[in-house]
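Visitor: The structure is given below, and queries will be raised subsequently.
The values are calculated or read from the model by the stated rules, or taken from the named source; none is laboratory data. Not measured: the values here are computed from a predicted model. Quick reminder, even Gly has a Cβ in these numbers, built from the backbone with ideal geometry, and neighbours come from all protein chains shown.
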Amino acid sequence: MKIELTVSAFRTAYSGASLFLVGEDVLPALQDMLGNDIRFLLLGADGCIYSAGEERGGLDTRRAPVGMAIGVRGMLVGKATHAAAKAWDEHARRQQMFTPAPIRLLTGMKGRMRLDGARFMLDCKTSEAADLQAQMADKEAGMSYLRRKNESLLLNLEKARRMIRGAGFGLQHIAAELPVGDETVGPGGTVNTCHFSQFLPADASGLWAVALYVMSADSETASPDGYLEVRVLRASDGKCLAQDAKPYVLSKGWLQFDLSGACSAVFGDAVLEVSWSSDADNAPLLALAGVDADRFGDDAGQTLALRLMKGLADPMGDVGTGDGYDLSPFRHCPVAPHVLRRRAAWAFGDLLTDIPYGESLVSTGADGDNWVQTHPHEKGPSGVKVRGALAAGVAEVSISVLTDHESGPNCLYSILAVEHLEGEDDAARSRKVLACLAGNTANQDNGIHAAQAMVAPKQTKTLTLNLEAPLENRADLYLVVEVPGGKATYGWCRWSGLEIGLEWGALEVREMPTPSNSAAALRMRSLKFPALAGRIEFVSGAKKLDELSKSLGFSPLLVSEETGSLQTHPLQDGLSAAIFEGGVPTTTLRVASEVETAHDAAPAFLYVLAVVSPSVTEKARAIRNVMSRIDPQNPATWQGINGRKTVQWQAKVLYARQAATIEIELALALDAPGDAVFAVKPAGQSVSYGWCRWYSLNITTAPETPLLAGPVDHG
């Protein structure tokens, strides 16, 4: 039998609504019972489904079924339409429906048919209600799980925010520093070039600035048109993520380039490119580092003397909360509103003869207000002065401005810093401000700095004065407003939220390093574990590792490309350690590794970094003996050398989400390359969540002494 639907029935059946199929031969008996509360479609003896009251036309008004309508809850049919119902049931089973709609054959008198039909529909509706309740229970369980998961994520987020602040990574910090050597790069330097490119010595995650050391620069004869450009590129595809440029007018010392645009856009290896715009004789030269680069630097093993500054942005910063960490080059110090209101005074004394009562234009509002208001005047500038507000060393000043009336004029807001120079009094400084506002730029390089912005009514804007160099002298702060249109009505020009930007103290305490002797340069190798995966082995052997993996359900040794780490999971009754055979050269002076327990719920674990002499034949036994000596509760056992002077170790106890660097100043005498060992053990009784990760292996070696060969004696 051919089964079909009319166009109208097709739309209803496949809408997903709950409905019944009623045979056209039993409709007269059920019509009154169905009423308007139960949705149904009619089933003809020819297998066609159509809507009630619809005239079935020709084949052009019919459609073949597309699968089976999942909303059909049951079929009530008589003898004439029973075969058609069977045809639709076979179609549903071919579609592999989970529960095909049941069929009820109605026979007998009209009353009996009504009773059987009512019972059938009640059973179907009861089954549907039970199914809906089960679905709702599943959804509630899922929602409960998501709610708990969301709460856990929010708690972890807050932990991360507190940890970032507590560790200082919410601020800027120097993540890597290479010492200054005596060779230079640049036009006319030891490396004579206008373009220098190198790999960075550390992972670029969180990179926000790099400081390069200017070895020679003449700020007086330097071309004002020349500039030094620094770019950071993603190593994988060469995409430029951030860039900054400085004019050739530079002085000797560390020069910082802002690369904060790459802070959250780069992870892993990155390339630093430095370009000089011209090869003029007075172009600044940059210092090369006093170490030979291995696995970073340029193709010749050279690297710039540099400082990599890093900082972690607020975890919520990307979703527009506005409360992220400030990764700007300055530490922002807010000025209390009552201090600004108390110290602000009319700026121009009696210098403006057209405004004899200028003091009346200044208002500080009521005690609860946090603003200073300078009402503009048609005949000249209006403003306040905060005498001596800016100390030497200030590099940035910012303040919020607002014309707080809808009918106010468009106002030109100006913020000026005027340094205290010898021989100048308050009146002289105010005259310099008036000259600057009038367009006289002769005094711009004579201790006065300004920033301006046009602000519309009811528009809040932050006005920032960025100084090219920190102030050398104390300065007065001028906040001035003008009305270019000449109309000052409703000029409620208000200043609030004054902040002063200072350079980070952490960057100032480091004195200029003493240039090292490049003839005796040290070599630093920075190794990543994914690149060493083929040489990393389980100390107890591959067979033991396979047995542990099967019994535990996970591998206690894992090298991850995703995290770039080596993970060693501690064991309750066994040795969990990885070994890098032959990885420590004979000239090694220092071995270091960055480690972290990468799970919030982890207990304390003891990390052990060790170097094993190649003379040791039973390495697993020697390492097991060393691990038995180390007591997590006794820091005196956390470092040492065994009695045979074949194993040296350094240990550290870390808690959940705690990162650290383990370092060994190598005292072992190696006549052949030694082995590096990475071991962990529980500090307590628990080994749960033992995600003990080692992120890098840094090896510093002394320069090899060249062998002098004499003439060969052939006897």
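Visitor: Here are A84, A141: which of them is outside the structural domain of E596 (by TED's automatic domain parsing) and at pLDDT 90 or above?
Guide: The unique qualifying residue is A84.
Visitor: Something else about it: Go through the stretch 379-410 and report how many residues are part of a strand (DSSP E or B), in contact with a Leu (Cβ under 8 Å, 6 or more places away or on another chain) and not hydroxyl-bearing (S, T, Y). Please lay out each step first, then the result.
Guide: Restricting attention to the stretch 379-410, the residues satisfying the condition of being part of a strand (DSSP E or B) are 380, 382-390, 394-403.
Checking which are in contact with a Leu (Cβ under 8 Å, 6 or more places away or on another chain) leaves us with 380, 382-386, 389-390, 394-401.
From what's left, not hydroxyl-bearing (S, T, Y): 380, 383-386, 389-390, 394-397, 399, 401.
Number of matching residues: 13.
Visitor: Would you mind telling me which numbered condition in (1) modelled with pLDDT of 75 or more; (2) outside any strand (DSSP E or B); (3) surrounded by 16 or more Cβ atoms within 10 Å (Cβ to Cβ) H338 fails?
Guide: (3)
Visitor: Restricting attention to the stretch 101-118, and to residues there that are surrounded by 11 or more Cβ atoms within 10 Å (Cβ to Cβ) and out of contact with any Gly (no Cβ under 9 Å at 6 or more places or on another chain), which single residue is nearest to A83 (Cα to Cα)? Give the steps one after another, and end with the answer.
Guide: Initial filter on the stretch 101-118 (surrounded by 11 or more Cβ atoms within 10 Å (Cβ to Cβ)): 101-107, 110, 112-118.
Pick out the ones that are also out of contact with any Gly (no Cβ under 9 Å at 6 or more places or on another chain) and you get 110, 112, 114-115, 117-118.
Working: K110: 21, R112: 21, R114: 21, L115: 22, G117: 18, A118: 22 Å.
Only one residue fits best here, namely G117.
Visitor: Out of P470, P457, report the one residue that is farther than 21 Å from L340 by Cβ and either surrounded by 18 or more Cβ atoms within 10 Å (Cβ to Cβ) or touching a Pro at 6+ places or on another chain (Cβ under 9 Å) (or both).
Guide: P457
Visitor: Quick check on my filter: what residues within the stretch 1-24 are part of a loop (DSSP other than H, G, I, E, B), over 17 Å from E90 (Cα atoms) and either touching a strand residue (DSSP E or B) at 6+ places or on another chain (Cβ under 8 Å) or modelled with pLDDT of 85 or more (or both)?
Guide: Pass one, the stretch 1-24, residues part of a loop (DSSP other than H, G, I, E, B): 1-3, 14-18, 24.
Still in the running and over 17 Å from E90 (Cα atoms): 14-18, 24.
Scanning the stretch 1-24 gives S18, E24.
Visitor: Any idea which of G674, G643 is assigned by TED's automatic domain parsing to the domain that holds L532 and without any contact (Cβ under 8 Å) to a residue 24 or more places away in the chain? Don't jump to the end; show me each part of the working.
Guide: Working: G674 fails: without any contact (Cβ under 8 Å) to a residue 24 or more places away in the chain.
Going through G674, G643 in turn, just one is assigned by TED's automatic domain parsing to the domain that holds L532 and without any contact (Cβ under 8 Å) to a residue 24 or more places away in the chain: G643.
Visitor: All but one of (1) of a type in the set (V, I, T); (2) touching a strand residue (DSSP E or B) at 6+ places or on another chain (Cβ under 6 Å); (3) more than 16 Å from N698 (Cα to Cα) hold for V608; state the number of the condition that does not hold.
Guide: (3)
Visitor: Follow-up question, since we're still on this one. For the stretch 180-208, name all the residues that are of a type in the set (S, T, Y), within 20 Å of M524 (Cα to Cα) and within 34 Å of the chain's Cα centre (by Cα). I'd like the intermediate steps shown before the answer.
Guide: Filtering the stretch 180-208 for residues of a type in the set (S, T, Y) gives 184, 190, 193, 197, 205.
Going one step further and asking which of them are within 20 Å of M524 (Cα to Cα), we end up with 184, 197.
The answer is S197, and nothing else.
Visitor: Let me ask another. Is there a residue being in contact with a helix residue (DSSP H, G or I) (Cβ under 7 Å, 6 or more places away or on another chain), modelled with pLDDT of 85 or more and within 23 Å of A488 (Cβ to Cβ) anywhere in the stretch 419-439? Break it down stepwise before answering.
Guide: Filtering the stretch 419-439 for residues in contact with a helix residue (DSSP H, G or I) (Cβ under 7 Å, 6 or more places away or on another chain) gives none.
The answer is no; no qualifying residue exists.
Visitor: Looking at T374, T353, which one is of a type outside the set (D, E, K, R) and more than 19 Å from G408 (Cβ to Cβ)? It would help to see each step written out before you state the result.
Guide: On the way: T374 fails: more than 19 Å from G408 (Cβ to Cβ).
Every option except T353 fails the conditions.
Visitor: Right, something else. Being over 45 Å from the mean Cα position of the chain (by Cα) and more than 25 Å from W88 (Cβ to Cβ) is the filter here, so list the residues in the stretch 111-145 that pass it.
Guide: Matches in the stretch 111-145: G111 only.
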